[in-house]
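The values are calculated or read from the model by the stated rules, or taken from the named source; none is laboratory data. None of these values were measured; they are calculated from a predicted model. Because the Cβ atoms are built from the backbone with ideal geometry, glycine has one as well, and the counts that use them run over all protein chains shown. Heads up: the accessible areas ignore ligands, DNA and RNA and are worked out on the full protein's heavy atoms, side chains in. Shrake-Rupley method; radii C 1.70, N 1.55, O 1.52, S 1.80 Å.
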Amino acid sequence: MKMVKCSVVCVAALVMCLPMANAQISETSNPAAAITSSTCSGTDGQGGVTDTVTFAQAGTIDDVNISVDIDHTWRSDLQMSVVYNSVRTLLGADQGGFPQENYYALFDDDAAALCSDATQCGSGSSICDSSANRATCQPDESLDTNYATLGSTLGAWTLEVCDDASGDEGTLQSWTVTLDGTGLPVELMTFSVE
């Protein structure tokens with residue numbers, strides 16, 4: 001019994017002395033929601049499909065990445081934004097009149113180019129058309145700048161996607177919010193000492 005108490009005290013002391021580690025958590029939604037044509041009510045993604053993922057955890061956000069899987073017959077008609085803690089961030093909007101299909105992208109502030117760039121999902125690009133050909137690119141507005149300074153309750157994140165022209169439609173297949181930060185839950189490994 002004495003040995004068990006000592007082990008518990010030693011483990012507790014070790015955990016208390018460890019620095020707060022960075023961790024990563026994600027939430028994914030698979031709404032398969034229809035995106036109908038001419039649904040935008042502005043230039044920031046409002047007026048079409050909305051879908052929400054919710055984090056139950058708390059922590060401090062250092063980095064935000066968002067991925068989208070959208071099947072659509074005219075990619076440049078799409079406008080997308082994400083809303084967290086009443087702050088809206090434009091991911092991408094009305095990227096010219098090019099006829100490429102679908103929008104499969106990971107929005108990451110650390111990427112080399114904007115998603116609207118021709119080397120990514122922009123004019124004439126064949127990248128971004130499937131999950132096997134996903135673009136990793138910067139959103140129109142910075143996710144990290146807008147969200148890294150907001151509170152410690154991670155809560156609800158809402159994606160808004162609309163189509164700003166007539167004649168083309170699609171489906172929001174899925175989307176994921178990935179957060180890196182401190183104070184987020186870390187999966188601990190269990191072990192025994194004999």
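Considering the conditions (1) open to solvent by 50 Å² or more (accessible area, probe 1.4 Å); (2) under 16 Å from the mean Cα position of the chain (by Cα); (3) farther than 17 Å from Ile25 by Cβ; (4) not basic (Lys, Arg), Asp62 is excluded by exactly one of them, (3). Give the residues of region 124-177 that are among the β-branched types (Val, Ile, Thr) and free of Cβ contacts under 8 Å to residues at least 24 places away in the same chain, sorted by residue number. Passing the criteria: Ile127, Thr149.
If you go through region 67-83 and pick out every residue that is under 14 Å from the mean Cα position of the chain (by Cα) and crowded, with 21+ Cβ neighbours inside 10 Å, you end up with 5. Entry remark, region 28-39: residues being open to solvent by 60 Å² or more (accessible area, probe 1.4 Å) and at pLDDT 90 or above number 5 in total. Under the condition of being at pLDDT 90 or above, in a strand (DSSP E or B) and either more than 22 Å from Gly183 (Cα to Cα) or not hydrophobic (A, V, I, L, M, F, W, C) (or both), the residues counted in region 40-62 number 5. Residues in region 41-59 that are crowded, with 20+ Cβ neighbours inside 10 Å and either touching a Pro at 6+ places or on another chain (Cβ under 9 Å) or closer than 22 Å to Leu114 by Cα (or both): Asp44, Gly45, Val49, Gly59. For the condition open to solvent by 10 Å² or more (accessible area, probe 1.4 Å), in contact with a helix residue (DSSP H, G or I) (Cβ under 9 Å, 6 or more places away or on another chain) and within 25 Å of Leu154 (Cβ to Cβ), what is the one hit in Arg88, Arg134? Answer to the selection: Arg88.
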